[in-house]
1. What are the residues whose amide H is under 5 Å from the amide H of B:Ile74, where those residues sit 5 or more places off or on another chain and H is modelled from the backbone?
2. Name the GluC sites (Glu not before Pro) in segment B:73-134 that are in a loop by DSSP and that have at most 14 other C-beta atoms within 10 Å, would you?
3. Suppose you put the label 7 Å out from Cα in the Cβ direction; list, shortest first and in nm with one decimal, how far A:Thr171 is from each other copy's label.
4. For chain B, what does the accessible surface come to per residue with a 1.4 Å probe? Please give it in Å².
5. State, as an integer percentage, the relative contact order of chain A based on alpha-carbon contacts under 8 Å between residues 6 or more apart.
6. Send over the per residue convex hull volume for the protein assembly as shown, Cα only, as a whole number of Å³.
7. List the residues whose amide H sits under 5 Å from the amide H of B:Val145, counting only those 5 or more places along or on another chain, with H placed 1.01 Å from N in the peptide plane.
8. Could you sort out which of A:Lys55/B:Lys7; A:Lys7/A:Lys55; A:Lys55/B:Lys166; A:Lys7/B:Lys55 sit more than 32 Å apart by Cα distance in this structure?
There are 2 protein chains.
Amino acid sequence: MVNQRRKRRDQLQYILEQDPFLTDDQLAALFGVSVATIRLDRMALGIPELRERTKEMAATVHSKLRSMHGMEVIGELVQLDLGQYGISILPVSDALVFERTRILRGHHLFAQGNSLAAALVNSPRALTARAEVRFERPVYLDQRVVCEAEVEEQQYNRYTIAVNSKVDGETVFSGQFVVADVAGKEESLK
Amino acid sequence: MVNQRRKRRDQLQYILEQDPFLTDDQLAALFGVSVATIRLDRMALGIPELRERTKEMAATVHSKLRSMHGMEVIGELVQLDLGQYGISILPVSDALVFERTRILRGHHLFAQGNSLAAALVNSPRALTARAEVRFERPVYLDQRVVCEAEVEEQQYNRYTIAVNSKVDGETVFSGQFVVADVAGKEESLK
DNA sequence: CCTCCTGTTACTACCTGGTTATAATTGAAC
DNA sequence: GTTCAATTATAACCAGGTAGTAACAGGAGG
């Protein structure tokens, strides 16, 4: 009796995670119980009503897209000495990994390094010109990638930047980025 | 008279694009008109009610996250001869560019090339080992990047793949990726 | 002057997908 | 057979709408 209820509630939770767009009516039909029971179950599980669920999703997505849009640096910038040195940290979420292997897709490591390198160059028009990178070890879901970048050389408007990313002190990615500061150069930008 | 209405409707459209979470009540107060007027305006503009708007957002986001999660290849795969050759196309949306300059962030070009290169290697465990890339020209908002990748060499489990991305026939990005097929190698994957 | 037309407003009935609370029913366990 | 938890039913209420109808205000044209 109680077990049936436990089971139903477990399933309810799972089902709503899979498809949050179900009304109490549909759920009641699905489980073959009354709507009242579904409501009690939802209450017990702390699951808000359909409209609240969708509103929440829409709102978080809204802000997420906003923040992604403004995200100049991939990962969180934790240190930045302009023109010299910087550190950013990227937590490996499940959106960034291969589904099967849970290994971080390589281009995210590149993106972290690239955006940090571009941030080091104190210009609104820093563009990467070349890069040479090595993926030393695979990085897995839920790890934290600490990326370190240092300006090695500057000639005219071209910066050579060494990048080294580590997980738990072990290098997983390294590379050299050449970033050009094209401020005032590209007429087509206007 | 009619102009006031036009103006109000233009503003209404704009405001709801900025913040889709406003009820007719709030909008009426905002414009200093009655709720009925807001409803007529919405009807005329083909804007659905608050709940429909949020539901729509939540749903598209839901599927978007799903598809992003499963997105093994950045860009749309238009041709793929496994182990040999492939083409993918990436439309440059505003989420991918620098806000000020509207130039595509370099790592998206890298990501397109990298994921296409990995797709060429017919293995669920293809990992990029090295890459050497050149960003030849800036790519702008609303352009379409056509990326071509070809396997140049294969030694044991290592593939050397040449990548060339073009916009309107002009090369914007080129590089060489070394991808390793680690199937059956990494015990830690289990 | 009156009339017509447009834009706006007010009012009513109804809908969905809930909430809260209270009471009645079921069923299994002791 | 009683008892107690789980379930169900019932009623009143709410937000944020839709749909439709009627009234009103104000300027343009006759």
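The values are calculated or read from the model by the stated rules, or taken from the named source; none is laboratory data. Only a predicted model underlies this, so the values are computations on that prediction, with no experimental measurement involved. Cβ placement follows ideal geometry from the backbone for every residue including glycine, while neighbour counts extend to all protein chains displayed. Just the protein is used for accessible areas: all its heavy atoms, side chains included, with ligands, DNA and RNA removed. Shrake-Rupley method; radii C 1.70, N 1.55, O 1.52, S 1.80 Å.
1. B:Ser115, B:Leu116
2. Values: sites: B:Glu76, B:Glu99, B:Glu132; in loops: B:Glu99.
For GluC sites (Glu not before Pro) across segment B:73-134 that sit outside H, G, I, E and B with at most 14 neighbouring Cβ atoms in 10 Å, the list reads B:Glu99.
3. The projected label point of A:Thr171 is separated from its counterparts by 2.9 nm.
4. Details: 10710 Å² over 190 residues.
Ligands and nucleic acids excluded, the figure is 56 Å² per residue.
5. On the way: 290 pairs, mean separation 31.6, N = 190.
RCO, chain A: 17 percent.
6. Working: hull volume 79.8 nm³, N = 380.
Spelled out: Cα convex hull of the protein assembly as shown, divided by residues, is 210 Å³.
7. Residues meeting the criterion, in which the H sits 1.01 Å from N, are B:Leu90, B:Val92.
8. On the way: A:Lys55/B:Lys7 29 Å; A:Lys7/A:Lys55 28 Å; A:Lys55/B:Lys166 41 Å; A:Lys7/B:Lys55 29 Å.
From the list (A:Lys55/B:Lys7; A:Lys7/A:Lys55; A:Lys55/B:Lys166; A:Lys7/B:Lys55), the Cα-Cα distance tops 32 Å for A:Lys55/B:Lys166.
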